[in-house]
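Values quoted throughout were computed directly from the atomic coordinates according to the rules given, and no laboratory measurement underlies them. Predicted model only: the values in this text are computed from it and were never measured. Note that each Cβ is placed from the backbone with ideal geometry, even for glycine, and that neighbours are counted across all protein chains shown.
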Amino acid sequence: MKKRTWMCVMVACVMLLATACGASGDSPEGSGANEKLVVGFAQIGQESGWRDAETASIQFYAGQNLDTIDLKFADAQQKQENQIKAIKSFIEMDVDVIGLAPVVETGWDAVFTEAKDAGIPIVLVDRMAAVDESLYATFIGSDFIEEGKNAAIEMSALLGGSGKIVQLEGTVGASAANDRKKGFEDEIAANHPGIEIVASQTGDFTRAKGKEVMESFLKTYGNEIKGIYGHNDDMALGAIEAIKEAGLKPGSDVVVVSVDGVKGIFEAMAAGEANVTIECNPLLGPQFFQACQTLKDGGTVEKWIKSEEGIFRADTAAADLPNRKY
Ligand code: GYE
């Protein structure tokens, strides 16, 4: 071969190599610059209006940013084992970040360690996991103890400091249930001696179970019950149905305090059938993806990205309703 032909072959080879490097993202300088953020999200399920709003927020944000975000979404149908399976498959796919709303608090150490060993950060969304801080990057969500405490203060004020009440707890073992119970009960025990919690049972954060459990409470305690505290609005809405079917007036005969701030409870408050909701923000999509991007870029995020939330009462519910986003 002539010298010129050799030169051409060599130049071509170098160019090919350069293209190959660029395509695989191996070149140290350009690495990741044009790549999408690949995120796996292991959702709990569809137990409540709040959960649906959170899912919508995450999917909407990803849908608006299809050119930069690739979202792999899994619905675990309330089962921890399904969430663990989803996390394992995200690890296999080598996603950039894994998002998880842990259905229960415990039992995550092994799979979180697998993610850590694979170099994939975990972002906890809306519920906490009881693991060492080194096993997750950040928790984006609310202060459930504070929510429970506020619910207790509101309940006591509605009842003038005394009366028998019942509690509808969320999913057994969920951080949102554990802490909303603790915050509420600690505040009652410390500062509201006239309030007596006569019964407390899980309604699994669903409207149907909330109704069922309230029916059984009403059978046992009848009109002795002066208030119900629901760990979420959906269970409170179920309880409201049960109270009405028992011939009592929710909102007055039995006061209703719950957590979330979904539209349904604002409608109930505007109709005089519920009294207070402690807001818990489900619209976490934008914050979630921002944290994921920061982590992908090698930046650091706060260990707890706390939601800012309010307390809403029946007297302003009709005016508040048009402004509610979920
Ligand atoms: O309050 C409830 C939902 O984890 C904060 O889960 C969330 C809770 C929310 O099902 O409605």
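Observations on the model:
- Angle between the chain longest axis and helix 285-296 axis [Cα atoms, degrees, rounded to 10]: 40
- Projecting the Cα atoms of ILE278, ASN323, GLN293 onto the charge dipole of segment 221-326 (Cβ charges, centred on the Cα centre) puts GLN293 farthest toward the positive pole.
- Cα gyration tensor shape for segment 144-280, rounded if a/c is under 1.5, else prolate or oblate: rounded
- Gyration tensor verdict on segment 75-171 (Cα atoms; rounded if a/c is under 1.5, prolate if a/b is larger than b/c, oblate otherwise): prolate
- Treating each Cα of the chain as one equal point scatterer and applying the Debye formula with no solvent, the log10 of I(q)/I(0) at q = 0.07, 0.11, 0.12 Å⁻¹ comes out as -0.35, -0.72, -0.82.
- Under a model in which nothing but the beta-carbon of Lys, Arg (+1) and Asp, Glu (-1) is charged, segment 92-224 shows a dipole of about 720 debye around its Cα centre.
- Charge dipole magnitude, Cβ of K and R +1, D and E -1 - segment 168-326, Cα centre, debye nearest 20: 240
- Taking 7 Å steps out from each Cα toward its Cβ at THR294 and LYS36 produces label points 2.4 nm apart.
- Where trypsin sites (Lys or Arg not before Pro) in DSSP loops with at most 11 other Cβ within 10 Å are excluded, longest remaining stretch of the chain: 3-302
- Cα long-axis angle, helix 49-64 against the chain (0 to 90 degrees, to the nearest 10): 20
- Shape summary of segment 251-326, radius of gyration then Dmax from alpha carbon positions: 16.6, 56 Å.
- Gyration tensor verdict on segment 153-222 (Cα atoms; rounded if a/c is under 1.5, prolate if a/b is larger than b/c, oblate otherwise): oblate
- Amide H to amide H, with H built 1.01 Å from N, ALA101 comes under 5 Å of ALA42, ILE44, VAL125, counting only residues 5 or more places away or on other chains.
- Look at the dipole of the chain built from charges on Cβ: of GLY148, SER175, ALA110, the Cα furthest out on the positive end belongs to ALA110.
- Local charge for ALA130 was computed over the other residues whose Cβ lies under 13 Å away, with Lys and Arg +1 and Asp and Glu -1, and equals -4.
- Taking amide H as placed 1.01 Å from N in the peptide plane, LEU37 has its amide H under 5 Å from the amide H of ILE69, ASP70, each at least 5 places away in sequence or on another chain.
- Here the relative contact order of the chain, from alpha carbon pairs under 8 Å that lie six or more residues apart, stands at 17 percent.
- Calculated [222 nm] ellipticity per residue, helices only, for the chain: -14500 deg cm²/dmol; basis is -39500 (n - 2.57) per DSSP H run with n ≥ 4, divided by all residues, nearest 500.
- Residues whose placed amide H lies under 5 Å from that of MET128, excluding near-sequence neighbours: SER175, ALA176
- Contact order normalised by residue count of segment 144-280, Cα under 8 Å, 6+ apart, percent: 26
- Remark: segment 212-283 carries a charge dipole of roughly 180 debye about the Cα centre, counting +1 on each Lys and Arg Cβ and -1 on each Asp and Glu Cβ.
- Considering only the chain, percent of DSSP beta bridges that pair antiparallel, nearest 5: 5
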